[in-house]
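The values are calculated or read from the model by the stated rules, or taken from the named source; none is laboratory data. What you see is a predicted model, and the numbers here were worked out from it, not measured in a lab. Neighbour counts run over all protein chains shown; Cβ positions are idealised from the backbone, glycine included.
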């Protein structure tokens, strides 16, 4: 599991967090709390286990992924906009990795797979913002925060 996490670009301190498997779900718990409180739903759900491997949770990628990982792929403003609108992207420069951590302004925003020349959008549907970017609001401010308003 840890090897698979490292390949996905996920990092955590094994002295402060411990993996726990429950009902085909992999959780990360703070080791300082073991034996002191009863666990119910505290911790971070890392992944769900399937017959063919693991499916990482979007929240795990955003919280623990290394933006400097070898397979990290930085999105341009336009591609980031498409990502948050839930659309697949076709970048000018095709990524070399099949699975990659997407970053925007050096911050992890998701995990995706390259399918041919396309970046498959795996953003959870409840996080998709159809009107995230419009032509009128396309970078009117120098800090580019209009994307997320």
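Residue selection: residue 46 fails the criterion of being over 16 Å from the mean Cα position of the chain (by Cα) and either modelled with pLDDT of 75 or more or not in a strand (DSSP E or B) (or both). If you filter segment 58-69 down to residues that are in contact with a strand residue (DSSP E or B) (Cβ under 8 Å, 6 or more places away or on another chain) and in a loop (DSSP other than H, G, I, E, B), you find that the one that is farthest from residue 109 (Cα to Cα) is 69.
Among the candidates 102, 79, single out the residue that is outside the structural domain of residue 17 (by TED's automatic domain parsing), assigned to a helix (DSSP H, G or I), at pLDDT 90 or above and on the phi < 0 side of the Ramachandran plot. Result: 79 is the single residue among 102, 79 that is outside the structural domain of residue 17 (by TED's automatic domain parsing), assigned to a helix (DSSP H, G or I), at pLDDT 90 or above and on the phi < 0 side of the Ramachandran plot. With respect to (1) out of contact with any strand residue (DSSP E or B) (no Cβ under 7 Å at 6 or more places or on another chain); (2) without any contact (Cβ under 8 Å) to a residue 12 or more places away in the chain; (3) surrounded by 11 or more Cβ atoms within 10 Å (Cβ to Cβ), the lone exception for residue 55 is condition (1). Looking only at segment 111-126, residues that are part of a loop (DSSP other than H, G, I, E, B) and either touching a residue at least 12 places away in the same chain (Cβ under 8 Å) or surrounded by 12 or more Cβ atoms within 10 Å (Cβ to Cβ) (or both) come to 6 in all.
Let me confirm something: among 14, 108, 91, which residue is touching a helix residue (DSSP H, G or I) at 6+ places or on another chain (Cβ under 9 Å), in a loop (DSSP other than H, G, I, E, B) and modelled with pLDDT of 90 or more? Going through 14, 108, 91 in turn, just one is touching a helix residue (DSSP H, G or I) at 6+ places or on another chain (Cβ under 9 Å), in a loop (DSSP other than H, G, I, E, B) and modelled with pLDDT of 90 or more: 91.
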